[in-house]
Structures are given as C-alpha cells and as structure tokens.
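Bear in mind these aren't lab numbers, they're just calculated from the coordinates by the rules spelled out. The structure displayed is predicted, hence computed values, not measured ones. Cβ placement follows ideal geometry from the backbone for every residue including glycine, while neighbour counts extend to all protein chains displayed.
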Amino acid sequence: MGLLKALDHHPLAGRISALLDGLSRLPVWIRYTEDAQAYDQRFWDDILGRVSAGMLLIFDLGYTNFARFAQMTSAGITFVMHAKDNLAYEVAKVILCSAAVHDRLVWIGITQAGTRHLVRLVKVLYRGKWYRDLSNELDAQRLTAEMLAVYIASAGA
C-alpha cells in the first residue's frame, strides 16, 4: 500500500479471466497474465477446454467471437451475453414484439464467404433503457427473454 503513490502513472496489474460456478459463484478456473493489454480472446481455448455440453456460459462483450459461438453451438454449450451496440444482423423471425420486450431470431456473422450463425437477439426495456442480449438458445420456451435478461443482470456482465 502506498508504494505506487510516487509514480507519475499507475501501471496496470495484468488481466484475469475466470470461470465461476453459477450457483456458488466460486471460481472453478482462474487464468492470469501479466500482460495488461491482453485481449479476452486469448482465453478461449482454456475456457472451451473446461466446459461441456449442457452448460450455460455467461460472457461479457470482450468475448464476442462468432466462430467460437458456432463452436459452442455445435458442442451443445449454451451462451448468453450482451450484444454490442454495433452488432450487424439480419432478422430471420420475430418471436415476440411488445412495448418492453423484442425477442427475435437473427443471423449474425455475415461474411464475404457467406458464414453466418442463427442466434436470439433479445431487447428488454428496463428503467427507460434498452438492453440487448444474445443467446444461441433458440427455444423461447426453454429460455424466456425475461430469464435471459435476468442471467445477464445477475452475472453483472
């Protein structure tokens, strides 16, 4: 404590990524790198090597990666996360459109090679602000729009 007060700038300590058990909120895996400029993308192989079919993963925006989303979908791993503001998508189907909830199936990851992935984009109006969340769980009965928003909010993502 206080050792860094004399410095003109404060150095970043590094980057930590972790997998937490959703029920206990205790870590089941933690990875640290001294590189404070490291991107979250660096941790994908470690994360996917520790998860299996049937699991639900909640990510923050730093993990946006369409190829990894497709990999998780193929492996039977469900994910939810906030959608970036600049997310480009094409609406495939409207599931629900109310004053406070817009639930749609959309195509994302459209590339020159024609690669794209079908996901759910759920927009929820809360306290005057729209929140946009993505999931590869396409069944709105299995994971309702409200539950998707609760998972994201409870994780602090």
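Suppose we filter 135, 98 for residues that are of a type in the set (Ser, Thr, Tyr), touching a residue at least 24 places away in the same chain (Cβ under 8 Å) and at negative phi; which single one remains?
None of the others qualify; the one that does is 135.
Identify, from the list 121, 125, 148, the residue that is more than 24 Å from residue 19 (Cβ to Cβ), within 13 Å of the chain's Cα centre (by Cα) and not in a loop (DSSP other than H, G, I, E, B). Before you say what the answer is, go through the steps one by one.
Working: 125 fails: within 13 Å of the chain's Cα centre (by Cα); 148 fails: more than 24 Å from residue 19 (Cβ to Cβ).
One residue alone meets the criteria, 121.
Could you name every one of the strands (runs of 3 or more DSSP E) located completely within the stretch 23-86 that has at least 3 residues being over 26 Å from residue 131 (Cβ atoms)? Spell out the reasoning first.
Working: elements: 27-33, 56-59, 78-82.
Strands (runs of 3 or more DSSP E) meeting the threshold: 27-33.
Out of everything in the stretch 71-92 that is surrounded by 17 or more Cβ atoms within 10 Å (Cβ to Cβ) and not β-branched (Val, Ile, Thr), what residue ends up being nearest to the chain's Cα centre (by Cα)?
81
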